[in-house]
């Protein structure tokens with residue numbers, strides 16, 4: 001007989017996050033990924049605001065829909081050239097700023 005799953009069987013995201021950030025080196029690794037995910041979120045927001053599908057942006061950028069899906073899911077490390085092609089495809093300007 002299967003055990004009934006209850007609310008107590010789950011751990012909150014906040015608790016998981018607290019545990020992960022307590023691990024040595026985790027914050028540094030997490031922070032190192034920030035530029036990648038900032039780019040992904042900005043491109044995804046631009047595509048959605050323009051009402052474009054992954055297939056449409058792929059066609060305009062000269063790539064495949066699956067490449068766009070991998071990019072948007074964070075499964076790939078985009079090159080600067082790829083990011084520039086995507087930004088042109090959605091009619092945006094790619095700006096890179098270094099700050100301290």
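Readers should treat all values here as calculations from the given coordinates under stated rules, not as data from a laboratory. Everything quoted here is computed from the prediction, not taken from an experiment. Heads up, the Cβs are rebuilt from the backbone with ideal geometry, glycines too, and the neighbour counts pull from every protein chain shown.
Restricting attention to segment 64-77, which residues are in a helix (DSSP H, G or I) and in contact with a helix residue (DSSP H, G or I) (Cβ under 9 Å, 6 or more places away or on another chain)?
65, 66, 67, 68, 69, 71, 72, 73
Out of 46, 55, 67, 84, one residue alone is more than 15 Å from the chain's Cα centre (by Cα) and surrounded by 14 or more Cβ atoms within 10 Å (Cβ to Cβ). It is 84.
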